[in-house]
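**Q** Just passing along the structure, written as structure tokens.
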Amino acid sequence: MSANLDEVWFLTSELESERASSFRQERWCRIFLEAGARLRLFNLRGAFHYSDEICTNDAELTAFRKNGVANYKGPKTSVREGLLVSVLRLIKHWLLVDLYLPNVIKLFLHLDRLLRQRSAPVVIMASSPPFSTALVGALIKRRHPGKVVLAIDMRDAWALHESLGGFKPLKRALERKVLGCADTVTTVSMGLADGFRQQYGLETGVMYNVATHYLDVPPAERMDLRQVHPAIDPSRITLVYTGSAPEDFYDSASIMGAYRRLRQEQPELAARLQMIFIGACVAVERDARDHGIATPDVIFVSHLPHAVARSVQATASALIFLGYRGPNNGGVVSTKLFEYLCLGQPVLPFDLCKDSDVDQLLWRYCGTSINAHGVEATLALFKRVAQEGTGFLPRLDDAQRVRELVDEYRAHAKKLLAG
């Protein structure tokens, strides 16, 4: 296609919520609008419905997001917990249920009908997960090759994800085929890009999860953390984690084991620290219980509204970052890291691999990083925080520095719209 394109169809599932991944999708949408494109949003809702909304400016996108969040009935967190959920997740990945849900089929038929009715080509960006959006995009591309520039944004691995179940050979074959249909593929880290290259021979662009939703708003207000939980002690060094902690993703056992050792060996130092986990953290809570760590040394709070969680982050002494348990941390770079950096808060990383994406980003923007693995190294890190405070931890002094990473989104959007 030689002519410039002026319309983008965005396939996704979380734009009408405040789940963490929704902010990356919103970022792409605003970048396309900024580039002058007309935006048409197709947002899957549950198993049976999807939204079809046209946005031509930021105000319309903001209104769509606001209305969607107000009426959102789905899960608040990125990770759902419980035995039934685990069983259903296992079934989903083995039977690939999310690829043929009723609304996925209806979306494919709807897009096919729309393209048959028009002559002008469009850019389709599919944001995965769910991988069903990428599948729909690939099928539409194959059906209308001359009318579609297909971009797939892999916010996470699907078949290559070590912690997801299913029949791996089938999933990898399908992932290879679907991604091979795309004109461009982007992802969230160099680690994931390396995985796609090694497994599929696929070159992908890397767009880090810059927390523009923290950069483009007034500074977060500090708060009395006792409003969140009465056992929080402002006189202690508060180490806060906000977000989900899926089963088997993180080495929380070493964290709790190290704190138990600190309490046994130097209780006066342990008394200076207080860990606070906010969100779906059942696995961490179990590890704390198994090691005899309880309130007030560690506190667990259920999901908080986004604005409140941001104030909690801004008030904490330091913010905990959990490195994914896997080679090179599995290439995982969550939005959480950039939220922490944009707040200018000290970052306390656990189980962070040397030269992983997050390690390199901390060196790049903070001038230092920490690689503490296992009980002994974590114990030493706890001792240092208790004795010295948080001044030695990685911290970004000027949040505006990460704006340079948003330019990579802009460059990619312009390339797509150029046809």
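**Q** At R0 = 41 Å, how high is the FRET efficiency between Gln387 and Trp94 if r is their beta carbon distance? Nearest 0.05 is fine.
**A** In this case the efficiency is close to 0.25.
**Q** Tell me, in nm to one decimal, what length is gained between Ser51 and Asp355 on full extension, where the rule is 0.36 nm per residue of separation less the Cα-Cα distance?
**A** Length difference between fully extended and current span is 105.3 nm.
**Q** Straight-line reach only, C-alpha to C-alpha below 17 angstrom: list the aspartates and glutamates that Lys171 could link to, leaving out same-chain residues fewer than 8 apart.
**A** Leaving aside aspartates and glutamates fewer than 8 places away in the same chain, those within reach of Lys171 are Asp98, Asp156, Glu162.
**Q** Same structure, new question: Can you give the charge dipole size of the range 218-401 about its Cα centre, rounded to the nearest 20 debye, using +1 on the beta carbon of Lys and Arg and -1 on the beta carbon of Asp and Glu?
**A** 260 debye
**Q** Could I ask something else about it? Mind ordering 396-406, 41-51 by average Cβ neighbours within 10 Å, highest first?
**A** Peptide ranking by packing, descending: 41-51, 396-406.
**Q** Considering Cα pairs under 8 angstrom that are at least six residues apart, work out the relative contact order of the chain and quote it in whole percent.
**A** Across the chain, relative contact order equals 16 percent.
**Q** Roughly how many nanometres apart are two label points built 7 Å out from the Cα toward the Cβ at Arg410 and Glu60?
**A** In this crude label model, Arg410 to Glu60 measures out at 2.3 nm.
**Q** Anything over 31 Å Cα to Cα? Flag those among Lys92/Lys414; Lys92/Lys354; Lys73/Lys354; Lys354/Lys383; Lys354/Lys415; Lys73/Lys147, in the order listed.
**A** Those over the limit are Lys92/Lys414; Lys92/Lys354; Lys73/Lys354; Lys354/Lys415; Lys73/Lys147.
**Q** Applying a 10 Å radius around every beta-carbon, put 264-271, 351-358 in order of their mean neighbour count, most first.
**A** Highest-to-lowest ranking by the protection proxy: 351-358, 264-271.
**Q** May I ask you to list the GluC sites (Glu not before Pro) in the range 144-251 that are in a DSSP loop and have at most 10 other Cβ atoms within 10 Å of their Cβ?
**A** Qualifying residues, ordered by number: Glu203, Glu221.
**Q** Looking at [x] 1.00; [y] 0.98; [z] 1.13, which value of Rg/Rh (Cα atoms, Kirkwood Rh) comes from a calculation on the structure shown?
**A** [y]
**Q** What is the antiparallel percent of DSSP beta bridges lying wholly in the range 7-207, to the nearest 5?
**A** 25 percent
**Q** Ok, one more. Which net charge results when you count Lys and Arg as +1 and Asp and Glu as -1 among the other residues whose beta-carbon is under 15 Å from that of Thr390?
**A** +3
**Q** Full-extension gain between Gln117 and Arg226, please, as 0.36 nm times their residue separation minus the C-alpha to C-alpha distance.
**A** 33.4 nm
**Q** Given points 7 Å out from each Cα along the Cα-Cβ axis, report the Asn67 to Gln264 separation in nanometres with one decimal.
**A** It is 5.9 nm.
**Q** From Cα coordinates alone, what are the radius of gyration and Dmax values for the range 7-207 in angstrom?
**A** Rg then Dmax for the range 7-207, in Å: 16.3, 50.
**Q** Relative contact order of the range 114-187, please, whole-number percent, based on alpha carbon pairs below 8 angstrom and at least 6 residues apart.
**A** 34 percent
**Q** I'd like to compare 115-126, 180-191, 380-391, 333-344: which one has the highest average count of other Cβ atoms within 10 Å, and what's the full order after that?
**A** So the peptides 115-126, 180-191, 380-391, 333-344, ranked by packing, come out 333-344, 180-191, 115-126, 380-391.
**Q** Quick one: check the C-alpha center-to-center distance for the range 172-210 versus the range 216-233, whole angstrom.
**A** Measuring centre to centre over Cα atoms gives 38 Å.
**Q** Another one. Rounded to the nearest 20 Debye, what is the dipole magnitude of the chain about its Cα centre when Lys and Arg each give +1 and Asp and Glu each give -1 at the C-beta?
**A** It works out to roughly 1160 debye.
**Q** Rounded to the nearest Å, what's the spacing between the alpha carbon centres of the range 3-56 and the range 319-369? Just the number, please.
**A** Answer, in whole Å: 28.
Bear in mind that the values in this text are calculations on the coordinates, not laboratory data. Note that the structure is predicted; figures quoted are calculated from it, not measured. Don't worry about glycine lacking a Cβ; one is built from the backbone with ideal geometry, like all the others, and counts go over all protein chains shown.
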